[in-house]
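K.L.:
Quick one: the structure is below, questions incoming.
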Amino acid sequence: MVILSLDLAAKSELTFLAELVADLRAAAPAWKPLLVGAMARDLLLYYAHNIPVIRATEDIDLGFALADWEDFAALRAALLASTHFEAHGSLVHRFSHRRGRQIDLIPFGGLERPDGSIAWPPRGDEVMTVVGYREALASANDVMLPEGQRVLVVSLPMLAVLKVIAWSERHTTAPRQDAVDLLLILRSYLDAGNQQRLYDEAAHLLDDDNFDYERAGAWLAGHDAAGVLRKYAAEQTHLHQIISTILTKEVDPDGPLRLLGEMAGRDAENIRLLLAAFLHGFNGEQTP
């Protein structure tokens, strides 16, 4: 998989994001943000390839690789000292930007617990899984924004991985959100700059008597996600097992099918096969 450098400098509607990135760098130059979540989805699909998105972007999620919680406190203090950001409610990781956008900080790295989760201060009773964020940073796309600003954006295959993990953690409290995004990524993967790669790198899929365009894209997305983990994950086997375990249960026709239930309309079986194709590609199996 080739890590992309996207030029979206001509997209004037992204000026708000360019200004946010500029304000972040001015307030906290020691830390480099990684754009994840729905805004990353929009950049990689809609703005880069004119692929319509279904779910509106409500906030902006920014990952930061930090050494410890003292690092997080310093980052937070730097933003609050700026005239461009202010605290949004009582959550320590939520801010409002001067352009009216809500942003959420997602710290990862040295402050993670052994299981890849973080426990938010001060009480540590709110827990969030950040498994995969290190690999997302290592494999991030470099995106040019208006006004000469650049930002690192999670790659599309790693966004799919993060969506699987996020769904498994919060689907009972935020149903459909991550499932719908994952479905959009899988259905759109070939159209998001990967059509030629189907012929160059996955031509065996074309020989299948049951060839399906979207399932071929899902297979390639899984293949690419596994490639990222092989290259960048310090514990590739562990992270691979997490994703494989979640999806193996969810594509089993006799399994819980909770993920499918949040995705599916009338074409439930086709969507199950789409998820299975991603899993096959992720596990290195040739058939979609």
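The values are calculated or read from the model by the stated rules, or taken from the named source; none is laboratory data. Please read these numbers as outputs of a predicted model, since none were measured by experiment. No Cβ is skipped: glycine too gets one built from the backbone with ideal geometry, and neighbour counts run over all protein chains shown. In case anyone asks, the SASA skips ligands and DNA or RNA and just uses the protein heavy atoms, side chains included. Shrake-Rupley method; radii C 1.70, N 1.55, O 1.52, S 1.80 Å.
K.L.:
Of the residues in segment 211-244, how many are part of a helix (DSSP H, G or I), touching a Lys or Arg at 6+ places or on another chain (Cβ under 8 Å) and at pLDDT below 95?
P.N.:
Of the residues in segment 211-244, 2 are part of a helix (DSSP H, G or I), touching a Lys or Arg at 6+ places or on another chain (Cβ under 8 Å) and at pLDDT below 95.
K.L.:
Let me ask something else about it. Could you identify the single residue in Arg258, Arg230, Arg266 that is closer than 15 Å to Lys163 by Cα and open to solvent by 70 Å² or more (accessible area, probe 1.4 Å)?
P.N.:
Result: Arg258 is the single residue among Arg258, Arg230, Arg266 that is closer than 15 Å to Lys163 by Cα and open to solvent by 70 Å² or more (accessible area, probe 1.4 Å).
K.L.:
Which of the numbered conditions does Val127 fail, given that it passes all the others? Conditions: (1) under 25 Å from His240 (Cα atoms); (2) surrounded by 20 or more Cβ atoms within 10 Å (Cβ to Cβ); (3) in contact with a strand residue (DSSP E or B) (Cβ under 7 Å, 6 or more places away or on another chain); (4) among the β-branched types (Val, Ile, Thr).
P.N.:
Only one criterion is unmet by Val127, namely (2).
K.L.:
Please specify each residue of segment 119-131 satisfying the condition of being free of Cβ contacts under 8 Å to residues at least 24 places away in the same chain and outside any loop (DSSP other than H, G, I, E, B).
P.N.:
Ala119, Val127
K.L.:
Residues in segment 109-118: is at least one within 30 Å of Leu8 (Cα to Cα) and either surrounded by fewer than 20 Cβ atoms within 10 Å (Cβ to Cβ) or touching a residue at least 40 places away in the same chain (Cβ under 8 Å) (or both)?
P.N.:
Yes: one or more hits.
K.L.:
Hey, could you check segment 132-171 for residues that are part of a loop (DSSP other than H, G, I, E, B) and either open to solvent by less than 10 Å² (accessible area, probe 1.4 Å) or modelled with pLDDT of 95 or more (or both) and say which is nearest to Ala9 (Cα to Cα)?
P.N.:
Leu145
A quick yes/no check of all residues on (1) open to solvent by 70 Å² or more (accessible area, probe 1.4 Å); (2) in contact with a Leu (Cβ under 7 Å, 6 or more places away or on another chain); (3) without any contact (Cβ under 8 Å) to a residue 40 or more places away in the chain; (4) within 26 Å of Ser188 (Cα to Cα):
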position: Asp7; (1), (2), (3), (4): yes, no, no, yes
position: Thr57; (1), (2), (3), (4): no, no, yes, yes
position: Phe95; (1), (2), (3), (4): no, yes, yes, no
position: Gly100; (1), (2), (3), (4): no, no, yes, no
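K.L.:
With aliphatic (A, V, I, L, M) and either surrounded by 12 or more Cβ atoms within 10 Å (Cβ to Cβ) or touching a helix residue (DSSP H, G or I) at 6+ places or on another chain (Cβ under 6 Å) (or both) as the only criterion, which of Leu206, Leu220 stands out?
P.N.:
It is Leu220.
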